[in-house]
Amino acid sequence: MKNFNIDETGTTRRSFLGASTMAAATAALGTAAATAQTPQGVRQGERDRSASDPGPENNAIRQQQPDAFLPPPTDHGNPQTFWSSFSLMHRRIQEGGWARQVNVHDFPISKDIAGVNMFLEAGAFRELHWHVSDEWSIVLSGSCRLTALDYDGKPWVQDVKQGDLWYFPAGIPHSLQGLGPNGCEFLLVFDDGSFSEEDTSLISDWVKHTPREVLSKNWGVPANAFDSAIAQIPPNGKYFFKTPIPPPLAQDQAAASRFTPLTTRDFSFRPFEMPPQKSTKSGNVRIVDSSSFKVAQNIAMAYVTIHPGGMRELHWHPNANEWQYWIAGKGRMTVFFNASTARTQDFNPGDVGYVPKTLPHYIENTGDTDLIFLEMFNTDRYRDFSLNDWMTHMPPEAITQTLNISREVLDAIPRDNYAILPH
Ligand code: MN
Ligand code: MN
């Protein structure tokens, strides 16, 4: 529930109590009343005075971060920021496509996951390449043709569409190509926070920087047959380039398997062809990890949808840090950092969030449309613990005596890990 809002001039209005009446009353009562502690331990009088903001303000950012400007009274301390956004990042725009990334360079809290957001026009290639990190991806819009070579030398060619996933383990050579009519936008997630999309092994860059006589010996072809062609490759390789839209999938699969049959391993996965693992009246969660998507040995996903008024319940993850990508709607998250420290931040589409391993958190839909976001983990298996599930499976006195709550309150708490509440 929002207890305040900010109008277009940046003036703060407290709607839950008459702010000016309250200020006048506390001023009349003097210093003691003005600094009186509320039950939450907040100096309410000081907060009211401090809510005025006469100086410069970036109102666009401030309106997106209401819980930074007026934190809930339960927030305390100053933990490392766990919010970032692809919308802040430089876009590498080239003929055929663009890319931008959030990695540890700009988002220091995330040391074990980096994200890249990329778009390819219809026909355009992200050229044949590989890299030192595992690559997980979800298609955000449009469709894409993928190629790879498996460990046993067997080719793989497949198309993916919105909502589909792919996964290329470190060192597996692969390419991406936008399909018609509108190309493809996707999110890439890598299992290393220092990964950079600028630092991948490109076939054109490698060939460009290999002595021509060595290429000639390697390919069994005289150097003058390819010398001028390779001279036309840009000094840093191609990375993106425009081409015609490829032929139908079956035709490309047949062409790629002209010497060796296609691999039976699948580097893609379709999470929307299975029911969600958790579903309540307030939303659902789709979990994809190595138990269902065999090739995804180091990155696990939960695709979370929360309807208006719903909440991803209080929980934590025992085995990995959580890196979030916010797809649709609006929400807020409080992360409890232990030692009385807690911070609430607000999120919008295109934003990135982060929760260190084992730290408690919840996510609340604060908008009037569905909130959709990804929980991503650098691990082989998704795992979480629910506060409610824990509290309702212990000897009751252990809970009632610790939290001073009655047995009636304890008995009313949902008795399972529903993930999305109310259930
Ligand atoms: Mn790649
Ligand atoms: Mn979580």
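The values are calculated or read from the model by the stated rules, or taken from the named source; none is laboratory data. None of the values given here were measured: they were computed from a predicted structure. Glycine gets a Cβ as well: all are built from the backbone with ideal geometry, and neighbour counts include every protein chain shown. Surface accessibility is based on the protein's heavy atoms, side chains included, excluding ligands, DNA and RNA. Shrake-Rupley method; radii C 1.70, N 1.55, O 1.52, S 1.80 Å.
Just wondering, is there one or more residues in region 65-84 that are open to solvent by less than 40 Å² (accessible area, probe 1.4 Å), under 30 Å from residue 185 (Cβ atoms), hydrophobic (A, V, I, L, M, F, W, C) and at pLDDT 60 or above? Give the steps one after another, and end with the answer.
First, the residues of region 65-84 that are open to solvent by less than 40 Å² (accessible area, probe 1.4 Å): 65-67, 70, 72, 75, 79, 82, 84.
Next cut, under 30 Å from residue 185 (Cβ atoms) only: 65-67, 82, 84.
After this cut, where a residue has to be hydrophobic (A, V, I, L, M, F, W, C) as well, the list is 82.
Restricting the remaining residues to those that are at pLDDT 60 or above gives 82.
Checked against the condition, which is being open to solvent by less than 40 Å² (accessible area, probe 1.4 Å), under 30 Å from residue 185 (Cβ atoms), hydrophobic (A, V, I, L, M, F, W, C) and at pLDDT 60 or above, region 65-84 yields at least one hit.
Taking region 165-206 on its own, how many of its residues are open to solvent by less than 10 Å² (accessible area, probe 1.4 Å), under 20 Å from the mean Cα position of the chain (by Cα) and under 28 Å from residue 251 (Cα atoms)?
Count: 8.
Residue 259 fails exactly one of the following numbered conditions: (1) within 35 Å of the chain's Cα centre (by Cα); (2) more than 30 Å from residue 369 (Cβ to Cβ). What is the number of that condition?
Unmet condition: (1).
Go through region 170-188 and report how many residues are touching a His at 6+ places or on another chain (Cβ under 8 Å) and hydrophobic (A, V, I, L, M, F, W, C).
Result for region 170-188: 1.
Please count how many residues of region 108-139 are open to solvent by 10 Å² or more (accessible area, probe 1.4 Å), charged (D, E, K, R) and in contact with a strand residue (DSSP E or B) (Cβ under 6 Å, 6 or more places away or on another chain).
Residues meeting the conditions: 1.
State all residues of region 312-334 that are outside any loop (DSSP other than H, G, I, E, B) and near ligand 2 (Cβ under 9 Å from one of its atoms); if no residue qualifies, say none.
312, 315, 316, 322, 324, 333
Please tell me if residue 346 is among the acidic types (Asp, Glu), in a helix (DSSP H, G or I), away from ligand 2 (no atom under 14 Å from the Cβ) and touching a helix residue (DSSP H, G or I) at 6+ places or on another chain (Cβ under 9 Å).
It is false that residue 346 is among the acidic types (Asp, Glu), in a helix (DSSP H, G or I), away from ligand 2 (no atom under 14 Å from the Cβ) and touching a helix residue (DSSP H, G or I) at 6+ places or on another chain (Cβ under 9 Å).
Keeping to region 196-217, report how many residues are away from ligand 1 (no atom under 16 Å from the Cβ) and closer than 20 Å to residue 92 by Cβ.
Number satisfying all stated conditions: 1.
What do you reckon, is residue 237 open to solvent by less than 50 Å² (accessible area, probe 1.4 Å), closer than 27 Å to residue 105 by Cβ and in contact with a helix residue (DSSP H, G or I) (Cβ under 7 Å, 6 or more places away or on another chain)?
yes
For residues that are open to solvent by 50 Å² or more (accessible area, probe 1.4 Å) and over 20 Å from residue 382 (Cβ atoms), scanning just region 407-423, find the one that is nearest to the chain's Cα centre (by Cα). Steps first, answer last, please.
Within region 407-423, the subset open to solvent by 50 Å² or more (accessible area, probe 1.4 Å) is 407-409, 411-412, 415-416, 418, 422-423.
Keeping just the survivors that are over 20 Å from residue 382 (Cβ atoms) gives 407-409, 411-412, 415, 422.
Numbers: 407: 39, 408: 39, 409: 35, 411: 35, 412: 34, 415: 29, 422: 24 Å.
Per the criteria, the residue is 422.
Tally up the residues in region 277-311 that are more than 14 Å from ligand 2 (Cβ to nearest atom), open to solvent by 40 Å² or more (accessible area, probe 1.4 Å) and in a strand (DSSP E or B), please.
So the count comes out to 1.
State which residue is farthest from ligand 1 (Cβ to nearest atom) when the search covers only region 317-339 and only residues that are crowded, with 23+ Cβ neighbours inside 10 Å and of a type in the set (Phe, Trp, Tyr).
326
Residue-by-condition table, conditions (1) more than 15 Å from the chain's Cα centre (by Cα); (2) among the aromatic types (Phe, Trp, Tyr):
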{"residue": "322", "(1), (2)": "no, no"}
{"residue": "347", "(1), (2)": "no, yes"}
{"residue": "356", "(1), (2)": "no, no"}
{"residue": "368", "(1), (2)": "yes, no"}
{"residue": "371", "(1), (2)": "no, no"}
{"residue": "376", "(1), (2)": "no, no"}
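Just the residues that are part of a helix (DSSP H, G or I) and exposed (fewer than 15 other Cβ atoms within 10 Å of the Cβ), please, taken from region 384-406.
Residues satisfying the conditions are 390, 396, 397, 398, 401, 402, 403.
On the basis of being open to solvent by 20 Å² or more (accessible area, probe 1.4 Å) and of a type outside the set (Asp, Glu), does residue 87 make the cut?
It is true that residue 87 is open to solvent by 20 Å² or more (accessible area, probe 1.4 Å) and of a type outside the set (Asp, Glu).
Quick one: which strands (runs of 3 or more DSSP E) sit completely within region 115-195 and have at least 1 residues that are over 23 Å from residue 285 (Cα atoms) and more than 15 Å from ligand 1 (Cβ to nearest atom)?
135-149, 155-161
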